[in-house]
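Engineer: Please read through the structure below; I'll follow up with questions.
The values are calculated or read from the model by the stated rules, or taken from the named source; none is laboratory data. In this text the structure is predicted, and so the values were computed from the model without any measurement. In this analysis, Cβ positions are derived from the backbone assuming ideal geometry, glycine residues included, and neighbour counts consider all displayed protein chains. To get the accessible areas, we keep the full protein, side chains included, count just its heavy atoms, and leave off ligands, DNA and RNA. Shrake-Rupley method; radii C 1.70, N 1.55, O 1.52, S 1.80 Å.
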Amino acid sequence: MDNKRRNGSVSGSTGRDDYNTKREYSRDVSRRADRADPTVASRRQTPQNYHDTYKRGYSESYSRKSGGIVYDDGAKTSSDRSYGTRRVNRSNNRSSTDDVKKRSSVPYGSRNSSRENGAGRNTSKITEADRRRRIETAGKKKRQRIKRIRAALVMLGCAVMAAVLIFMTPIFDITQIRLEGNNTVSKSVIQEKIGYLIGKNLFATRSSVIKQQMLEISQISNVEIDKQMFPAVITVSIHESNPAAYFLSGNTIVVLDSDMKVIDDSNMYSTDDIPSLSGITVPSYKVNELLKTDSEEKDEILQTLLKSFEAMGLISKISYISLDDLTNIKFNYDNRIETNCGSQTELERKIRMFSGAINSESLSENAIGSIDLSTPGQAVYNSLDLSAPGQAAYNSLKK
């Protein structure tokens, strides 16, 4: 009957019969494998070892043999794979027989049993002194934690009270704004910029904001802010821009400082003590911004001249500056001495030579003539004597 069921000749066979048939065949193959290789049985002692060992052997044997998985009877058919028991190829297995025995020496479930028996735990009895010591240590830590919490709460309360005292009370409200150094800029102009600070809290105002608002006034080049707590007073130290030159834009007089910043176009400054500019073309300008002409070369030359004149204290004595010919830069000193600088080569050095020439003892205070600075390193003075009408005498001076 069993043979007929195996061959499928008996009709009406159920799935349960097929399952029993496969199970019986598998057991028979397992017995033969145990007899052929005793280590198979030892590795099958526990379900966990059985699973790990055969799973590893299956994967290794399958990956190393291109022909398929090696079974106990050497079959490689699909039916053998279904019903047969896998056998580890000992030659291809990474772990040796001794390793397998070591792994299988611990019975399955030994960990759970050792845990239940209290293995691995410190089962020594706790004495009364140890128990009291632990209680005291826990109490000490708790008290320290409470102290830290209280200290944090006290600090937080102090911070809140300080914030209320600083920002909510009128003690630190600004009562006065002191101005220093404003000679040209009127108080009314400054009042429009920072007058709102009166009555504001001293600590709620930022010095950087006040400085930025003050620098919006074109006649101011720099500002320093100082705060006083008792009484709450702000001191504003003003550094005004000094006019260095002017030019005409239509009928408007535009005044520059030595940085070539436009500081005024409303006739605030007198032009008697600053030089006029010629030979420049200005497409457009804005007050409180740097001036840009139609030539970067002229911008560089003009800034060098203005910086040099200001550093040597000559601005108030220069009558005009001419940039009509960049190979022959000219200016006039005190309406008495015409000066030819030549090109812009070593221009700053030429201005120093000029300052040394006019301050030398060889020139009188009322000398009239010209100075040639076109040759670097030389200042050649030509004096014009008008004592005899129609005649001129020239003297040369090299510096």
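Engineer: For the stretch 300-322, state whether one or more residues are open to solvent by less than 80 Å² (accessible area, probe 1.4 Å), free of Cβ contacts under 8 Å to residues at least 60 places away in the same chain and acidic (Asp, Glu).
Structural biologist: no
Engineer: Looking only at the stretch 318-368, count every residue that is assigned to a helix (DSSP H, G or I) and of a type in the set (D, E, K, R) and tell me the total. Walk me through how you get there before you give the answer.
Structural biologist: At the first step, the residues of the stretch 318-368 found to be assigned to a helix (DSSP H, G or I) are 347-358.
Now restrict to residues that are of a type in the set (D, E, K, R): 348-350, 352.
Count: 4.
Engineer: Then there's this: Which condition from (1) free of Cβ contacts under 8 Å to residues at least 40 places away in the same chain; (2) closer than 30 Å to Met214 by Cβ is the one that Ser295 breaks?
Structural biologist: Ser295 satisfies every listed condition except (2).
Engineer: Can I ask one more? Within the stretch 223-243, is there a residue that is open to solvent by 50 Å² or more (accessible area, probe 1.4 Å), in contact (Cβ under 8 Å) with a residue 40 or more places away in the chain and closer than 19 Å to Leu305 by Cβ? Lay out the reasoning, then the answer.
Structural biologist: Within the stretch 223-243, the first condition is being open to solvent by 50 Å² or more (accessible area, probe 1.4 Å), and the residues that meet it are 224, 226-231, 239, 242.
With the extra rule that they be in contact (Cβ under 8 Å) with a residue 40 or more places away in the chain, the set shrinks to 229, 231, 239, 242.
When the remaining residues are screened for being closer than 19 Å to Leu305 by Cβ, the result is 242.
Yes, there is a match, as at least one residue in the stretch 223-243 is open to solvent by 50 Å² or more (accessible area, probe 1.4 Å), in contact (Cβ under 8 Å) with a residue 40 or more places away in the chain and closer than 19 Å to Leu305 by Cβ.
Engineer: Go through (1) open to solvent by 80 Å² or more (accessible area, probe 1.4 Å); (2) of a type outside the set (A, V, I, L, M); (3) closer than 30 Å to Val262 by Cα and name the single condition Thr184 misses.
Structural biologist: It is condition (1) that Thr184 fails.
Engineer: If you don't mind, another one. Name the single residue that is farthest from Ser295 (Cα to Cα) among those in the stretch 264-281 being of a type outside the set (D, E, K, R) and surrounded by 16 or more Cβ atoms within 10 Å (Cβ to Cβ).
Structural biologist: Among them, the one singled out is Tyr269.
Engineer: Here's a check for you: in the stretch 207-219, which residue that is touching a helix residue (DSSP H, G or I) at 6+ places or on another chain (Cβ under 9 Å) and of a type outside the set (Asp, Glu) is most open to solvent (accessible area, probe 1.4 Å)?
Structural biologist: Residue satisfying both the conditions and the ranking: Gln213.
Engineer: Oh, and also: Residues that are of a type in the set (Val, Ile, Thr): list the strands (runs of 3 or more DSSP E) wholly contained in the stretch 203-263 that include at least 2 such residues.
Structural biologist: Filter on the stretch 203-263 gives 220-228, 233-240, 252-257.
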